[in-house]
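To keep things clear, I will list the structure first and then write my remarks on it.
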Amino acid sequence: MARGSQRRSTVHPVPGADPENLEPVGPVRGPPTARTSVRQVSDLFLGDDGLPRCGWVAGAPEFVAYHDDEWGRPVHDDHRLFEKLSLEAFQSGLSWRTILVKRENLRSAFAGFRIEEVAGFGDADVERLLGDAGIVRHRGKIEAVIDNARRAAELREQAGEGALDALVWRHRPEALPEPELRATSPESVALSRELKRRGWRFVGPTTVYAFMQAMGLVNDHAVGCAFRDVCPPGPTSGRAAGAVVVVCDVRLGRRPGGRRRSPR
């Protein structure tokens with residue numbers, strides 16, 4: 001088991017859920033998705049360092065660093081937001097572990113997901129990408145990511161640096177709910193609708209909700225997870241805050257200029 005030794009699972013069906021659709025009890029394969037939305041998991045994964053983490057971390061060794069250093073951290077950089085929307089699109093029908101393992105290859109193949117560079121990709125790039133065994137070779141997803149980059153570039157041309165950040169963070173919930181495994185939220189439905197109106201593809205409400213979880217628009221770290229309270233709530237947009245990347249240090253319990261906090 002990745003960096004840990006103790007884990008117990010408890011399954012609580014959501015009222016009205018079909019019992020036949022419940023997954024077997026066991027490690028969740030990556031951050032919560034539609035596959036786990038019919039149940040609430042109240043378990044934690046205890047690492048070798050003694051820190052309790054969300055139960056899904058036990059699913060694969062790669063999940064530990066991703067959970068600790070990235071998942072749920074507020075992000076306000078247009079290119080990183082675009083990258084995550086693209087990775088979520090590639091994940092459609094696949095496991096997050098598959099995408100996480102291929103992420104560096106995808107970054108290399110897609111010019112670091114720099115919006116204007118990807119927007120300039122043409123037919124030759126599509127064929128190049130289809131021949132790259134290190135990425136997800138799905139023509140529809142590849143073409144969608146390139147087209148989405150063009151939509152993002154148009155937005156940035158009209159409204160300037162930080163335009164995608166501002167669009168995304170306008171859809172942050174006014175009140176952050178308690179963590180619960182769900183497939184969508186009213187805000188993810190609204191953001192999905194807005195992106196589709198602007199011509200984006202592979203941005204359904206479930207994909208968008210997973211994106212919102214990862215980018216810190218909602219905090220779905222389990223109650224009791226040592227990383228739930230590491231970051232303060234982020235501003236509604238990096239543009240408004242004068243920031244472009246993240247609003248807190250990614251190291252557990254360390255804030256810029258501060259001392260290590262004891263996990264709750």
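General observations
- Beta carbons closer than 6 Å, at least 6 apart along the sequence or on distinct chains, pair a first residue in segment 60-73 that is under 13 Å from ALA214 (Cα atoms) with a second that is among the β-branched types (Val, Ile, Thr) and in a helix (DSSP H, G or I) for PHE63/VAL57; HIS67/VAL57.
- Sole exception among (1) within 29 Å of ASN219 (Cβ to Cβ); (2) at pLDDT 95 or above; (3) surrounded by fewer than 16 Cβ atoms within 10 Å (Cβ to Cβ) for ARG137, by number: (1)
- Condition met for ARG172 (within 30 Å of CYS225 (Cα to Cα), buried (at least 19 other Cβ atoms within 10 Å of the Cβ) and in contact with a Leu (Cβ under 9 Å, 6 or more places away or on another chain)): yes
- ALA166 passes every criterion in (1) at pLDDT below 95; (2) within 29 Å of ASP147 (Cβ to Cβ) apart from (1).
- Hits in segment 152-182 (condition: touching a residue at least 24 places away in the same chain (Cβ under 8 Å) and of a type in the set (A, V, I, L, M)): ALA152, ALA153, LEU155, ALA163, LEU164, ALA166, LEU167, VAL168, LEU176, LEU181
- Here LEU181 meets the list (1) part of a helix (DSSP H, G or I); (2) surrounded by 20 or more Cβ atoms within 10 Å (Cβ to Cβ) almost entirely, failing just condition (1).
- Scoring SER108 on the criteria (1) of a type in the set (Ser, Thr, Tyr); (2) more than 30 Å from ALA222 (Cα to Cα); (3) surrounded by 14 or more Cβ atoms within 10 Å (Cβ to Cβ) leaves a single failure, condition (3).
- Tally of residues being touching a Lys or Arg at 6+ places or on another chain (Cβ under 9 Å) and closer than 26 Å to THR206 by Cβ across segment 87-125: 12
- Of all residues in segment 184-218, those satisfying the criterion of being part of a helix (DSSP H, G or I), among the hydrophobic types (A, V, I, L, M, F, W, C) and more than 17 Å from TRP71 (Cα to Cα) are VAL189, ALA190, LEU191, LEU195.
- Wholly enclosed helices (runs of 4 or more DSSP H) of segment 53-171 bearing at least 1 residues of a type in the set (Val, Ile, Thr) and at negative phi: 62-69, 96-109, 115-119, 123-130, 139-159, 163-169
- Every test in (1) in a strand (DSSP E or B); (2) at pLDDT below 70; (3) of a type in the set (A, V, I, L, M) is passed by LEU46 save one, and that test is (2).
The values are calculated or read from the model by the stated rules, or taken from the named source; none is laboratory data. If you're wondering where the values come from, they're calculated on a predicted model, not measured in any experiment. Using ideal geometry, Cβ is built from the backbone for each residue, glycine included, and neighbour counts are taken over all protein chains shown.
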